[in-house]
There are 6 protein chains.
Amino acid sequence: MPAVTDDARYERGRARFLEVHDEKALRAVEGLGDLGRSIVEFVYGDVYSRPGLTTRDREIAAVAALVALGRSSQLPQHLRASLAAGITPDELGEVILQTATIAGFPPAMNAMSTLRTILSEGDG
Amino acid sequence: MPAVTDDARYERGRARFLEVHDEKALRAVEGLGDLGRSIVEFVYGDVYSRPGLTTRDREIAAVAALVALGRSSQLPQHLRASLAAGITPDELGEVILQTATIAGFPPAMNAMSTLRTILSEGDG
Amino acid sequence: MPAVTDDARYERGRARFLEVHDEKALRAVEGLGDLGRSIVEFVYGDVYSRPGLTTRDREIAAVAALVALGRSSQLPQHLRASLAAGITPDELGEVILQTATIAGFPPAMNAMSTLRTILSEGDG
Amino acid sequence: MPAVTDDARYERGRARFLEVHDEKALRAVEGLGDLGRSIVEFVYGDVYSRPGLTTRDREIAAVAALVALGRSSQLPQHLRASLAAGITPDELGEVILQTATIAGFPPAMNAMSTLRTILSEGDG
Amino acid sequence: MPAVTDDARYERGRARFLEVHDEKALRAVEGLGDLGRSIVEFVYGDVYSRPGLTTRDREIAAVAALVALGRSSQLPQHLRASLAAGITPDELGEVILQTATIAGFPPAMNAMSTLRTILSEGDG
Amino acid sequence: MPAVTDDARYERGRARFLEVHDEKALRAVEGLGDLGRSIVEFVYGDVYSRPGLTTRDREIAAVAALVALGRSSQLPQHLRASLAAGITPDELGEVILQTATIAGFPPAMNAMSTLRTILSEGDG
């Protein structure tokens, strides 16, 4: 991995973040101060910038982990990122059903309801 | 979905289970009585038998959910299933790192350690 | 267990669901597509249709598990099902207090608050 | 509730603990210092001593909550207490299967395996 | 520990609760019936009344545990208690960031957002 | 924050890691490949290197979060780091008891047991 300054890391993370999510989501993260900066630098500048896994696969993992943990605040953002990465609505439904077998039906019910709301808003 | 009897469902689940895992794992599940039967019928006969998602994608979701929840007993089985479904060791490492951003480093450390043990056993 | 077709399983689950919950709850679950169908077929057609445990005992377990995991969206439905199954409001309070010793006070506080809201609505 | 001194509370908790569990379990808890004292006083002297719920119902709730949270260290103790309170092995299996629908199959698999070990030891 | 009656324990807990939180929070807890009474007696009359740890340190632990578990309903109360105990807003931000490394970024994002709301209300 | 290359970040993290933990722990983390590198760079090079919170306070938060989540594999390391940071064994016992009120007694029982083992080994 080439040496980078923290500012370069932030810029790399910012650019990657905007490929995965959008400007509105970036503003929300940047509104969280140093925690937001860590998310941009580490999650997007480091992890999401690694070449070993497609964004599609990263989002399947992200959605499954968020559903399993019941992290409902961050789920809409990653469902939208999943659709943007080419995962179809039906495939997202399958990921949620798959996760129900591991984490139980309640968080899967909430996630499916959130997915339907997002799809009905035409935010895919 | 075509109508099936429960026995047909069990047989379908059993066949699908053996495509994803192996005989040894099946015996362990079948040793759990009616709970084991439910797993074969519902998880493999119903969910894993659905056509809308590849086994590869199902296993990415399964590994991410298991890591996030710290379900260490079932993780080795799904890491092996992931390798059998064509996910490379490096990709599994990325799924684990990706999950660390959502569920924290501790369960990811355990998962990476488990992955390394499995790879060193040549069980991939 | 007698052999059944999937449609028979769905009908059995639907009938059992309506014994435990009500029409409004069924419509919410049926609004979740194939996930909802899995819930009706597997949770109510398979699990809740098993003779080995009373609905009363199933609901004590369901409430304790939902409180412990902080699954607040599904809790009201199961508190209502508990009351319908003959568990008294005082007994539900005890189940919640019992769960506090295992899962901590915060989820128990939320659950007690939800129980009080349900009782004040006369939805028992 | 009648006024009690802390020592009376401890004695009440100790007596109640021994009705639910056994001497060996008490020694383990008493080996935890002030935390153990809090468990005896609060969990058994206060909560388990309340008249509003049978020990049978308390143990159904305890097992469901422990399974849901994957708290495997305390599960054997409460499975044994459940059997002592008159819950049959088959009923415990149903409680575990019921919990699987809410918390997923992995913690239920571990719990069923633990139950089988306990039953085979004749520790019921 | 000196012998106390339950009423003395409740009064001790009530006084301690009001040092940590405020009247409004006490009314909310007292509105939870016997669960509320247990919280006042056990959490504040017993645990928070122990001399071995400062309120400041107790609140760092409380905030970290609440963030890690995603218990968002009780977090505002303990963020306010933390500020009242002399933890600065910047230190609370660090506790949240520290917890992100152990529990993942999603619950830390929610917590930071809650902290910012509390600070903007001048409730510190 | 001054600009740093990734190698400088790794070195900063490595030095900070060794202040908090020890050589043996570092080797374990470095054995986890890129995940281990992320932990050294991000958790220790970024988060633990921030000046806004003492190591003592960071470890109280770390222990509380690990206990709450039942992350037993990483707990011994942070209990040892806590002792090295000047937190006394009695204070650690209080942190664990405090966490029991938020996360329930089962994970606190395990943590207290682990603490006692560490203290008896003279590893403080």
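Numbers below:
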{"quantity": "Residue in region D:1-18 that is nearest to E:Asp46 (Cα to Cα), counting only those that are modelled with pLDDT of 95 or more and open to solvent by 10 Å² or more (accessible area, probe 1.4 Å)", "calculated": "D:Tyr10"}
{"quantity": "From F:Leu79, F:Leu115, F:Leu119, F:Leu97, residue being free of Cβ contacts under 8 Å to residues at least 24 places away in the same chain and of a type in the set (A, V, I, L, M)", "calculated": "F:Leu97"}
{"quantity": "All helices (runs of 4 or more DSSP H) inside region C:19-124 with 3 or more residues being within 8 Å of chain D (Cβ to nearest Cβ), surrounded by fewer than 24 Cβ atoms within 10 Å (Cβ to Cβ) and at pLDDT 95 or above", "calculated": "C:89-103"}
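The values are calculated or read from the model by the stated rules, or taken from the named source; none is laboratory data. On a predicted model such as this, the values are computed, not experimentally measured, just so you know. Here the Cβ is made from the backbone with ideal geometry for all residues, glycine too, and neighbour counts use every protein chain on show. Side chains are part of the model used for accessible areas, which takes the heavy atoms of the whole protein and leaves out ligands, DNA and RNA. Shrake-Rupley method; radii C 1.70, N 1.55, O 1.52, S 1.80 Å.
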